[in-house]
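Let me begin by handing over the structure; questions about it come next.
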Amino acid sequence: MIQDDKKNKQVWVKQVEPKVDNKWSYAVFYIDNSHIGDRYFMSEKISTLIPGAKDVSEYTVEDLFKDEVFKDMKGSNLELKVATGGGCRMVKLVPKK
């Protein structure tokens with residue numbers, strides 16, 4: 001878990017199935033516990049979330065609530081829009097073949 005007490009943010013990561021080419025998939029959960037404000041983008045480096053990973057483009061990013069796949073994820077950060085006041089986003093990162 002990654003926690004920022006000043007900004008009331010948490011990031012949770014769990015290794016999950018499927019395994020692709022001997023690389024694990026990961027469930028990533030972003031949550032914001034601040035009490036006021038608009039939706040905004042939370043961002044965390046992939047290398048912080050997943051040891052050994054370099055770039056989000058190594059993964060297919062699947063939204064687990066909306067059952068959709070993000071097609072334009074690029075760069076070294078996983079950036080997701082999150083609502084304040086207990087808002088959350090949960091995605092699954094599946095290694096690309």
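Coordinate-derived values only; no laboratory data. The shown structure was predicted, so the numbers you read here are calculated from the model rather than taken from an experiment. Neighbour counts run over all protein chains shown; Cβ positions are idealised from the backbone, glycine included.
With each run of n ≥ 4 DSSP H residues scored as -39500 (n - 2.57), what mean residue ellipticity at 222 nm is computed for the chain after dividing by its residue count and rounding to the nearest 500 deg cm²/dmol?
Calculated mean residue ellipticity at 222 nm is -500 deg cm²/dmol.
Kindly write out, for the range 26-42 in residue order, the coupling ³J(HN,Hα) from the Karplus curve 6.51 cos²θ - 1.76 cosθ + 1.60 (θ = phi - 60°), rounded to whole Hz, with x marking Gly and Pro.
Computed from phi, the couplings for the range 26-42 are 9, 8, 10, 10, 9, 9, 10, 9, 5, 9, 8, x, 9, 4, 8, 8, 9 Hz.
For the pair residue 34/residue 48, report the inter-label distance in nm, with labels modelled 7 Å from Cα in the Cβ direction.
Once both label points are built, they end up 1.5 nm from each other.
Enumerate the calculated ³J(HN,Hα) couplings along the range 76-90 in order (Karplus 6.51 cos²θ - 1.76 cosθ + 1.60, θ = phi - 60°), each rounded to whole Hz, writing x wherever the residue is Gly or Pro.
9, 10, 9, 10, 10, 7, 10, 7, 7, x, x, x, 8, 9, 10
Counting only the backbone N, which residues of the range 22-40 are under 12 Å from the spot 7 Å out from the Cα of residue 4 toward its beta-carbon?
Once the point is set 7 Å along Cα→Cβ of residue 4, 31-34, 40 turn out to lie under 12 Å by backbone N, inside the range 22-40.
For the chain, build the charge dipole from Cβ charges (+1 Lys, Arg; -1 Asp, Glu) around the Cα centre, then report which of 30, 60, 83 sits farthest towards its positive end.
My answer, from the dipole projection, is 60.
Let me ask something else about it. Of 54/81; 45/74; 19/66; 23/66, which sit over 18 Å apart, Cα to Cα?
The answer is 54/81; 19/66; 23/66.
Starting from the Cα of residue 81, step 7 Å along the direction of its Cβ; do the same at residue 55; then give the gap between the two resulting points in nm.
Label-label distance for residue 81 and residue 55, simple model: 2.6 nm.
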